[in-house]
Amino acid sequence: MFRVSATASLLLLIVAIAQELNVTAAEQDLPEGFPKCKRDANFDKCLVDAVNVAIQLLKNGNKEFGIPPLEPLAVKKLVIDAGNAPINLRQALKNIKVHDLISTSKILRYRTDLDKHLIICESRTDRIEMIGDYEMSGRILLLPITGHGKSNVTLLNTKIEHRLIGEPFEKDGVKYMRLKEYRVNFEPKRVYLNFENLFNDKTLSDGMNRFLNENWETVFNELKVGYAKSFGLIFRELSNKLFEKVPFDTIFQS
């Protein structure tokens, strides 16, 4: 008869415990206080209420999931390019603090197709204020523009469509979902723009800022695709910190 020594038995026990710990560590639950929704007829409505609670709980970040504070949200760099007339502009924003994005946001509607791993959300945000450093060069309505310094871009009463496109994957036989795309579309009611030190001349800078704000809709409509792409990447990275750690059926209960 084959006999297992005491040492071998201990090793087997340690391996078994380690494997169990690894599985447990991989399968995390949602952060404490997060509401959960069942995939039934009221699922989309439940998500509206649940996510409105969840985003406020995440406002100060979550160390367990590696989520940084979201109010204000720190962004190292945004690069916005608009290459078509009437605006040909390169705008690099650095060391940005995004204020009020979470505290003034409210989810309005969800439309989901979880069989296709598709989530569409509509939200409204009263105020998004981006303060940081900028470098800018190009033309706006045939007017040359150049400068570097401090900037403030503020969006008011902004309707945002979020389109989350996921893909499934497995860890230890458990289904998860990661976001491969996070598309954002901004529709603000008003945008205020201020770039200090344009042309390295205060008089010219004040005049150009006045012009930008008088024509904010034309200016922002050309730039918003760039802002949307940049924020889509940020939102995808933040969302995947949850999606890649919490099983699909734990987030979306069957």
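The values are calculated or read from the model by the stated rules, or taken from the named source; none is laboratory data. Just so it is clear, the structure is predicted and the values come from calculations on it, not from any experiment. Note that each Cβ is placed from the backbone with ideal geometry, even for glycine, and that neighbours are counted across all protein chains shown. Protein only, heavy atoms only, side chains kept; ligands, DNA and RNA dropped before computing areas. Shrake-Rupley method; radii C 1.70, N 1.55, O 1.52, S 1.80 Å.
Before I look further, what does the chain give for accessible area per residue, probe 1.4 Å, in whole square angstrom?
Solvent-accessible surface per residue comes out at 56 Å².
So what's the angle, to the nearest 10 degrees on a 0 to 90 scale, between helix 202-214 and the longest Cα principal axis of the chain?
The angle comes out near 70 degrees.
To the nearest 10 degrees, how steeply does helix 216-243 sit against the main Cα axis of the chain, on a 0 to 90 scale?
With both axes taken from Cα atoms, the answer is about 10 degrees.
Expressed as an acute angle from 0 to 90° and rounded to the nearest 10, what is the orientation of the C-alpha long axis of helix 6-26 relative to the principal long axis of the chain?
30 degrees
Expressed as a whole number of Å, what is the distance separating the alpha-carbon centroids of region 154-176 and region 197-254?
17 Å
So how do 111-117, 50-56 stack up, highest first, on mean other-Cβ count within 10 Å?
Top to bottom by mean Cβ count within 10 Å: 50-56, 111-117.
Counting only DSSP beta bridges with both residues in the chain, what percent are antiparallel, rounded to the nearest 5?
95 percent
Once the other residues with Cβ under 12 Å from the Cβ of ASP133 are scored (Lys, Arg +1; Asp, Glu -1), what is the net sum?
Every neighbour counted, the sum reads +3.
May I ask for the equivalent-ellipsoid semi-axes of region 31-251, computed as the square root of five times each C-alpha gyration tensor eigenvalue and listed largest first in whole Å?
In descending order the semi-axes read 37, 17, 16 Å.
Which value at 222 nm does the chain reach when only helices count, each DSSP H run of 4 or more adding -39,500 (n - 2.57), with the total divided by all residues and rounded to the nearest 500 deg cm²/dmol?
Rounded to the nearest 500, it is -10500 deg cm²/dmol.
Calculate what fraction, in whole %, of the accessible area of region 31-251 sits on carbon and sulfur atoms when a 1.4 Å probe is rolled over the protein chains.
49 percent
Restricting to Cα pairs below 8 Å that are 6+ residues apart, what does the relative contact order work out to for region 31-251? Please round to a whole percent.
About 16 percent, as a whole number.
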